[in-house]
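Worksheet: the structure to be examined is printed underneath.
The values are calculated or read from the model by the stated rules, or taken from the named source; none is laboratory data. Since the structure is predicted, the reported quantities are computational estimates derived from the model, not experimental observations. Positions of Cβ are generated from backbone atoms using ideal geometry, with glycine treated the same way; all protein chains shown enter the neighbour counts.
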């Protein structure tokens with residue numbers, strides 16, 4: 001059992017973990033407690049079913065203000081042949097009278113079997129005249145008969161004594177608390193919330209708020225893990241960062257095992273020299289799994305700590321007196337979140353007696369090709385939008401450290417082991433993180449990156465629209481529109497023959513869809529360089545100097561087209577530029593490459609340079625426009641988009657960013673019919 005188990009299939013890892021937990025009595029509800037039936041019970045999980053102690057209502061009750069009657073005494077009443085009924089002063093008195101007044105909810109007197117609403121009666125005074133004194137009248141006149149049990153809430157109409165009110169495993173909602181109370185209960189038996197210790201480890205980690213130096217990594221995984229645990233019904237405790245010291249980590253894990261039900265060890269759990277996670281588990285318990293064939297998240301650790309048993313030697317046996325599961329999750333944030341969903345959430349669900357979470361699944365068309373290692377279950381984050389009648393999924397950045405892909409993801413698709421990829425246009429299953437109803441309000445943008453798009457998304461959110469964008473470059477956006485895969489695309493493709501933007505490329509790449517071309521922004525492009533410009537870079541001609549490292553945009557990007565146009569114009573060969581083949585997909589990506597020292601310069605916009613405190617050498621002005629299929633330009637979905645394009649507050653915020661003009665924003669520049 002102590003042998004390292006590298007990259008076993010996911011299903012085998014899950015089965016191994018659950019099987020060992022079952023052997024030591026930990027694959028079930030941990031414990032239960034009785035709590036008062038009050039607002040704090042909401043969100044808790046019932047361990048035992050709730051049966052009704054009393055019926056609701058527990059008597060026959062009037063459903064409205066009116067008069068209780070004997071239904072038989074109303075037979076024959078018609079508008080032209082009204083019937084007069086005598087009213088009892090007291091409902092349960094033995095005096096004569098076949099009607100009595102009841103308020104809504106009041107008990108139906110013995111023998112009465114129907115209620116007539118007050119709006120359907122005429123109150124009569126002592127002389128038989130109609131009066132406004134409806135409640136204190138001696139007689140009433142009716143002009144329509146009623147059937148037995150009309151306007152009455154019969155005893156047990158809602159809940160009948162002894163019936164099931166709530167099943168075990170129910171996550172209590174506010175309405176559930178009301179139903180349980182009406183059924184006669186003052187308390188409920190719920191699962192005890194499991195206590196989960198989160199132990200971040202690593203010499204490179206620094207606390208939030210600390211000065212961040214080269215090589216330091218902000219410790220935020222524990223925040224995400226704690227939020228997940230709380231959402232799943234556990235009680236998280238975040239421990240301070242533990243440095244990479246085997247003895248120190250062992251001591252902290254051992255102490256946590258005495259107090260908590262589950263330990264999450266968040267660290268680099270690969271085969272590196274300072275990976276102590278697997279060694280700690282082997283020292284304190286049994287290592288069940290080290291390495292799962294899932295991407296991202298390979299170096300997962302699953303084990304059980306036993307703080308009472310004798311675990312020396314290779315053949316260890318778990319004592320059932322005190323066992324605590326431990327899960328070692330990788331340090332990369334995407335891996336952290338994925339592996340916690342795969343292994344931690346089902347365990348907390350079992351311990352609290354609820355069903356494990358499931359997500360709604362939809363079928364979507366993939367917007368671009370995806371390759372995958374054939375030996376892993378590959379989890380791919382996607383943005384999702386509904387374009388026309390088709391649901392589309394656009395893959396996000398794949399890196400295990402790309403936390404932004406988690407924040408932007410609308411769902412996740414899984415490529416099972418043995419499948420090495422899927423083609424653009426293929427139909428895939430996507431588990432949605434958002435309700436499907438949100439897709440109906442999502443504006444799906446594919447195309448060139450610009451920082452004003454994030455600002456546009458902010459303004460649209462206030463107009464009940466979600467703006468979801470995928471950065472694939474201007475040409476990629478036009479191709480996506482031609483395939484009906486987006487509602488709009490941002491584009492700034494310069495035609496070297498005419499000096500115009502976008503029109504020639506629209507004619508070339510869009511041949512199926514009539515589109516409108518709208519003005520958006522005019523912006524500067526130039527070279528982003530390190531603060532102080534130590535390399536003295538002033539123009540494109542300097543890119544060919546020895547030692548100058550350049551970072552480029554991807555093929556098909558408008559910025560790449562602009563660069564190539566001016567390189568050709570100035571007769572600067574691409575081969576003379578060190579780094580011409582190195583690509584980034586956004587202006588911010590280029591800026592980050594320069595700020596980090598990976599490159600000395602890159603072509604981009606001043607807003608990106610400013611955001612990372614770089615110097616900016618202005619070179620060109622260009623036009624960035626929105627290409628929108630005519631059918632969507634005239635739709636209700638994009639109505640709020642055009643409101644924003646004509647919003648003065650939006651214009652002002654764009655102009656506050658360096659290098660932008662909005663003179664043509666929202667103006668229809670051209671209609672291209674096919």
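Points to keep in mind about this one:
- Per-region count, segment 35-79, residues without any contact (Cβ under 8 Å) to a residue 12 or more places away in the chain and more than 39 Å from the chain's Cα centre (by Cα): 1
- Flag for residue 414 being outside the structural domain of residue 609 (by TED's automatic domain parsing), within 25 Å of the chain's Cα centre (by Cα), without any contact (Cβ under 8 Å) to a residue 40 or more places away in the chain and not in a helix (DSSP H, G or I): yes
- Selection status of residue 174, at pLDDT 90 or above and in contact with a strand residue (DSSP E or B) (Cβ under 7 Å, 6 or more places away or on another chain): no
- Reported count of residues in segment 466-480, each being in contact with a helix residue (DSSP H, G or I) (Cβ under 8 Å, 6 or more places away or on another chain), modelled with pLDDT of 90 or more and crowded, with 22+ Cβ neighbours inside 10 Å, is 5.
- As a summary of the residue check, residue 603 satisfies the conditions (1) at pLDDT 95 or above; (2) closer than 29 Å to residue 498 by Cβ; (3) surrounded by fewer than 23 Cβ atoms within 10 Å (Cβ to Cβ) except for the one numbered (3).
- The listed residue being in contact (Cβ under 8 Å) with a residue 40 or more places away in the chain and over 30 Å from residue 41 (Cα atoms), out of 87, 182: 87
- Selection of segment 652-668 for residues being surrounded by fewer than 18 Cβ atoms within 10 Å (Cβ to Cβ) and part of a helix (DSSP H, G or I) yields 652, 653, 655.
- When residue 566 is tested against the conditions (1) farther than 17 Å from residue 599 by Cβ; (2) in contact (Cβ under 8 Å) with a residue 60 or more places away in the chain; (3) buried (at least 17 other Cβ atoms within 10 Å of the Cβ), the lone failure is (2).
So that you can scan it fast, the table gives a plain yes or no per residue for (1) part of a helix (DSSP H, G or I); (2) more than 34 Å from the chain's Cα centre (by Cα):
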site: 565; (1), (2): yes, yes
site: 591; (1), (2): yes, no
site: 610; (1), (2): yes, no
site: 618; (1), (2): no, yes
site: 623; (1), (2): no, yes
site: 643; (1), (2): yes, no
site: 670; (1), (2): no, yes
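Table: residues versus (1) surrounded by 13 or more Cβ atoms within 10 Å (Cβ to Cβ); (2) in a loop (DSSP other than H, G, I, E, B); (3) within 28 Å of the chain's Cα centre (by Cα).
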position: 156; (1), (2), (3): yes, yes, no
position: 168; (1), (2), (3): yes, yes, yes
position: 178; (1), (2), (3): no, no, no
position: 184; (1), (2), (3): yes, yes, no
position: 197; (1), (2), (3): yes, no, yes
position: 210; (1), (2), (3): no, yes, no
position: 215; (1), (2), (3): no, yes, no
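- Segment 320-334 - residue that is over 28 Å from the mean Cα position of the chain (by Cα) and part of a loop (DSSP other than H, G, I, E, B) and, of those, modelled with the lowest pLDDT: 320
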